[in-house]
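Only the coordinates and a few stated rules stand behind these numbers; no lab work does. What you see is a predicted model; the values in this text were computed from it and never measured. Here the Cβ positions follow ideal geometry from the backbone for every residue, glycine too, while neighbour counts run over all protein chains shown.
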Amino acid sequence: MILEQIPLWVATTNSWIVSADGVECVIIDIPPDPTAVLDRLHRLNLRPVAIIATHGHVDHVGGVSSFLKLEEQSSKDLGKRSGVDGVHIHPADRHMLVDPLSASSMLRGMLLETGLDFSEPEHIFDLSDGDSVAGASMSFRAIHTPGHTKGSSCLSLAIEGQPPILFSGDHLFKGSIGRTDLPGGSFEELISSMKERILPLPDETVVLPGHGDSTTIGYERRTNPFISGI
């Protein structure tokens, strides 16, 4: 299995490249640095087949449209057809993917300086609670965890012979939780989501967050000051 963590852009947002067969891959979150993601795919000789967004903040989706166009052109140059089906995101956060500039007023100037394409992706698929995204011989199950945004979702992945994996986006971090002071955020919702949807997962579940280092559910249950009392 290939599991690549690429911290990118001003918020060192993690873009995750996941492959079970060493041929195709699924990408989770693409910050406004799409060339870095594409370059890593080329070095690994992986063909992307799907993009999943944990939520709609621009540091997680700002590079999606440019990446899709770069990847399509790269495939054409190699005489191949792009294999990316589109972008999967919870419908409550779809508007931020469709128009990232309007959803990122504080960062608008910085985003415009990147020269990236912020147009609406051609293919956007709703990713509601319990939905699965199949690709690259894997299946990612969406767990809707509102709190950081209305559409924040964690992604559960089971690989035979390995501990369960949870891509937690900006819901759960090592030693912390996602901020809730931005539009659509709610501390009460985040804690409720954590209690009902995340903490019941097995202790050995590996947590791969949207920022920072990996951890496990068990470690966070014992040590994270925001959730240790739940």
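The table that follows gives values for the structure above.
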{"item": "At R0 = 22 Å, FRET efficiency that the Cβ-Cβ distance of D129 and K195 yields, to 0.05", "result": "0.90"}
{"item": "Mean ellipticity per residue at 222 nm, deg cm²/dmol - from DSSP H runs of n ≥ 4 across the chain, formula -39500 (n - 2.57)", "result": "-6500 deg cm²/dmol"}
{"item": "Other-chain or far-sequence residues with amide H under 5 Å of S15's (modelled H)", "result": "I6, L8"}
{"item": "Magnitude of the charge dipole, region 2-223, Cβ model with Lys/Arg +1 and Asp/Glu -1, debye to 20", "result": "200"}
{"item": "Computed over the chain: relative contact order in percent, which uses C-alpha pairs under 8 Å that are six or more apart", "result": "16"}
{"item": "C-alpha center-to-center spacing [region 180-208, region 3-65] in angstrom", "result": "23"}
{"item": "Degrees, to the nearest 10: 64-77 long Cα axis against longest axis of the chain", "result": "40"}
{"item": "Two-site FRET efficiency, R40 against S228, from Cβ-Cβ distance with R₀ of 35 Å, rounded to 0.05", "result": "0.50"}
{"item": "Angle in degrees between helix 34-44 and the longest Cα principal axis of the chain, rounded to the nearest 10", "result": "80"}
{"item": "For the chain, built as a Gaussian network whose Cα springs stay under 10 Å, the top-fluctuating residue of S128, S193, S102", "result": "S102"}
{"item": "Length released on extending from L101 to V206, taking residue separation times 0.36 nm less the Cα-Cα span", "result": "34.5 nm"}
{"item": "For H88, distant residues with modelled amide H under 5 Å away", "result": "I51, I52, A53, F125"}
{"item": "Lysine-lysine proximity count for the chain, Cα under 22 Å, sequence distance 8 or more or distinct chains", "result": "4"}
{"item": "Top of K76, K195, K150 by mean-square fluctuation, Gaussian network on the chain, Cα under 10 Å", "result": "K76"}
{"item": "Region 168-230: equivalent-ellipsoid semi-axes (sqrt of 5 x gyration tensor eigenvalues, Cα, Å)", "result": "18, 13, 10"}
{"item": "Descending Cα extents along the principal axes, the chain, whole Å", "result": "55, 44, 27"}
{"item": "Most fluctuating residue given options D213, D117, D170, as computed from a GNM of the chain linking Cα atoms under 10 Å", "result": "D213"}
